[in-house]
1. What helices does the chain hold that run 15 Å or longer along their axis, going by alpha-carbon atoms, with a Kyte-Doolittle average of 0.5 or more, using DSSP H for the helix calls?
2. Hey, can you grab everything whose amide H is under 5 Å from the amide H of G102? Only 5+ residues off in sequence or another chain; H modelled, so Pro and N-termini drop out.
3. With an 8 Å cut-off on Cα pairs and a minimum separation of 6 or more residues, tell me the relative contact order of the chain in percent.
4. Sort 54-62, 162-170 by packing, meaning the average of other beta carbons within 10 Å per residue, with the highest value first.
5. How big is the antiparallel share of DSSP beta bridges in region 2-276, given as a percent to the nearest 5?
6. Does region 2-276 come out rounded, prolate or oblate, given a ≥ b ≥ c as the square roots of the eigenvalues of its C-alpha gyration tensor, rounded meaning a/c under 1.5 and, failing that, prolate meaning a/b above b/c?
7. Classify region 24-129 as rounded, prolate or oblate, taking a ≥ b ≥ c as the square roots of the eigenvalues of its Cα gyration tensor: rounded when a/c is under 1.5, otherwise prolate if a/b is larger than b/c and oblate if not.
8. Could the peptides 6-13, 214-221, 231-238, 117-124 be put in order, highest first, of the mean number of other beta-carbon atoms found within 10 Å of their residues?
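Taken together, the values in this text are just the output of simple stated rules run on the coordinates, not laboratory data. No experiment lies behind these values; they were computed from the predicted model shown. Ideal geometry is used to build each Cβ from the backbone, glycine not excepted, and the neighbour counts take in all protein chains shown.
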Amino acid sequence: MKYGLELANAGACGDARTLAGLAALAEEAGWDGIFLEDYIVHWSGHDARTYDPWVALTAMALSTARIRLGTTVTPLARRRPWKLARETVTLDHLSNGRMILGVGLGNGNDLDFAQLGEETEDRRRAKMLDEAIDVLIGLWSGEPFSYHGEHYHVRDVTLLPRPVQIPRIPIWVGGGWPRKGPLRRAARCDGAIFFKVPEHGNWTDMTPTDIHALKAFVEEQRSVPLSFEIAIGGRERREDWEEERVFIRSLADAGATWWMEGLPPAELNVIRTWIQRGPLRVD
């Protein structure tokens, strides 16, 4: 089991200099990865101080040497996939192969979509997401690439250099368990970073039974057995740390490979304290 932190690209700790310092602190405290949300205007409100996650990840890469870096998640429907391909390869080289790209549908009701003229219809965004993944993978190949989809068209383009990571930068697909669209999408990528669809509006953790079912679905869909990451969590730590460790261990035994702690926007001293306590390792 590896252990990651999910931080907002907003609030008192969202600027690039501060996040670079927090990434260095997380590496020192023994975390395995640090991941940023990717919003133009943060979900916490119109007046939220929101910063670009890609500029912040650049600063974070330069301030660290070991910890994995990425997004959870980037809504591909509001990105040009060729621009994102260039950005992610640049970050992969800058970090010596530590980049992970989390992708997802995004929420059509968010300010990022609804009030900026982006596509808000779920089915169209899902199609754009699937096509954008194809384009990213093709452009990362370093070979001449063409693509003709409903939303994206590429004609005989070669992007160099290739990523440091072979065969490609890992793509983790975010989505709600047990929805079939994100499941099928994740099965053709490198990992899943799922949350359980809330029941009656209440947060519910994925269970070991859910993890077994997720693994079985992915194995059934993939003709060639490849490594596949299952990242679970995405919330604040429970007050009872031993109870949390027991739960994390049950997920690891079921096949989960990352436990993610999600830290909401907060004052810098609070975030630093959360990071310095280190992960709740169970191995």
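1. Helices meeting the span and hydropathy rule in the chain are 16-29.
2. Sorted by chain and number, the residues that satisfy this are T71, T74, W172.
3. On the way: 556 pairs, mean separation 59.1, N = 283.
Across the chain, relative contact order equals 21 percent.
4. Numbers: 54-62: 20.2, 162-170: 17.2.
Put in order of decreasing packing, that is 54-62, 162-170.
5. Working: 5 of 40 bridges.
The answer is about 10 percent antiparallel.
6. Judged from the Cα gyration tensor, region 2-276 comes out rounded (a/c under 1.5).
7. Values: a/c = 2.40, a/b = 1.67, b/c = 1.44.
Since a/c reaches 1.5 and a/b is larger than b/c, the shape of region 24-129 is classed as prolate.
8. Ranking the peptides 6-13, 214-221, 231-238, 117-124 by packing returns 6-13, 231-238, 214-221, 117-124.
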